[in-house]
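The values are calculated or read from the model by the stated rules, or taken from the named source; none is laboratory data. Small disclaimer: the values here were computed from a predicted structure and weren't measured. Counting neighbours? That spans all protein chains shown, and the Cβs are built from the backbone with ideal geometry, glycine included. These area figures cover heavy atoms from the full protein model, side chains too; ligands, DNA and RNA do not enter into them. Shrake-Rupley method; radii C 1.70, N 1.55, O 1.52, S 1.80 Å.
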Amino acid sequence: QILGVVLALVTVLGPGCWGYDLAHHHNYEEMQEVMEQVHEECPEITYIYNLEGPPDKTVQGRKLTVIVFSDNPKKHEVEEPEFKYVANMHGNEVVGRELLLALMKYMCHEYKNQDPVITRLIESTRIHLMPSMNPDGWEIAANAGSDEDRGWLVGRANANNVDLNRNFPDLNRIAYSNEAHHKANNHLMWTNIAKNESYAPEVRMVIKWIMDQPFVLSSNLHGGDLVANYPYDESKDGAQQEYTSSPDDATFRNLALSYSTNHATMSDPDRKPCDMSANDKFGKQGGITNGAAWYSVAGGMQDFNYLSSNCYEITLELGCKKFPPAESLPDYWDANKDALIAFMWQVHSGFKGKVTDMEGKPISHATIKVKNMTNNRDINHDVTSVHDGDYWRLLVPGRYLVTVCAEGYECASKQVVVDNSNQI
Ligand code: ZN
């Protein structure tokens, strides 16, 4: 009898003191339940929705479910940036999925506790969390038996054996050709692929999502190594390993560092590399790598975000093990919690604004061009204004010349100083 009471207490108080069992791999039904519970606990700041189609479900008929956190979670608010975390795109890489479930529980709990940092983050941002982009793959990986049976690849792809992180339209090829001819390398997604079956249902849903929502910053959570990876992922000339910088290289390096340096060990130069080889020097690089410098990937989600929309995405590798034992999950939470929150704050870096005409009428689809005044060089990647004329431009500190242009209007320029001091 006494033993039972003690065990019950351990279950309640053990995992992080906010009433959540971290040391557990949640299957599809349990994952949906956690999201529902969070919404019930924090109804005023959360909203649950499924990604839309066509198709509107995975190969095996599951939904891709998202929970939003914001003070007004159901809709976009003018000048409030939108952020997303997407996990478990590779079904057998499960740490990100559990971290996002823990993160939603944590944010709800801290908001109710009136934690000033979490409250300010939620009130100033619209945060979308999708714990699994590949729920079918997760079930395949989880049901494979032992870690040995699962190996390195079982459950990675979707139920049709499509690797979702190789299945996005290869916009890099268009961007590289455009760059060579001094043409635009942003907002390159023009074809409608809703009915194109060469793209996986999961990929088609996510593309529609990226095109519909005005996301500013994002991360794509993977596992199998420990590093924050930033664009470009695909090399220009087909080389398997070649540093391939995007026009926003400085900004992307800074974004990746904001995660790695707030992680318990990612940026530790003395840590052991995952593959135990001298090639895996990520700790000595501050815990970050350019994607193509590591290995070139075509058709990935990270570069697609950058080249199709206003969203800047990095890819996080959260640890050497893809499917670690459940009892180690609390350690992953402890190692990643501060980094997950610090990275969300980066959505408020750079500057934001609103484009209007002389009468104050908002202008969407205006182009925001930026020149770095310190080295007098253009950053050849433009963001555009969204529905209410609002826009966000992520940047590292510096002096910039901003030029806004819209069809039918004269362009207007302004100088801005970015110091990124308005974040946590
Ligand atoms: Zn992966």
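General remarks:
- Too-long pairs where the Cα-Cα distance tops 24 Å, listed order kept, from 84/105; 236/414; 337/371: 236/414; 337/371
- Overall form of the chain per C-alpha gyration tensor (a/c, 1.5; a/b vs b/c): prolate
- A 1.4 Å probe run over the chain, with the rest of the protein chains in place, finds 44 Å² accessible per residue.
- The 3J(HN,Hα) values that the Karplus relation (6.51, -1.76, 1.60; θ = phi - 60°) gives for the range 193-198 are, in residue order, 10, 3, 9, 7, 6, 6 Hz. Gly and Pro appear as x.
- Check: the chain dipole with +1 on Lys, Arg Cβ and -1 on Asp, Glu Cβ, in debye: 840
- Highest-first arrangement of 36-43, 168-175, 206-213, where packing means the average Cβ count within 10 Å: 168-175, 206-213, 36-43
- Rounded tilt (10° steps) of 171-180 against the dominant C-alpha axis of the chain: 30
- Surface composition of the range 312-412: carbon and sulfur atoms hold 48% of the protein heavy-atom accessible area at a 1.4 Å probe.
- Taking GluC sites (Glu not before Pro) across the range 181-285, the ones in a DSSP loop with at most 12 further Cβ atoms lying within 10 angstrom of their Cβ are 197.
- Oblate is the label for the range 168-244. Its Cα gyration tensor axes, ordered a ≥ b ≥ c, give a/c of at least 1.5 and b/c at or above a/b.
- Convex hull projection area averaged over all views, the range 119-169, Cα basis, nm²: 5.8
- As a length-normalised measure over Cα pairs under 8 Å and 6 or more apart, the relative contact order of the chain settles at 16 percent.
- Charge dipole (debye, nearest 20) of the range 297-424; +1 at Cβ of Lys and Arg, -1 at Cβ of Asp and Glu: 320
- Rounded percent of accessible protein surface that carbon and sulfur make up, the range 152-226, 1.4 Å probe: 52
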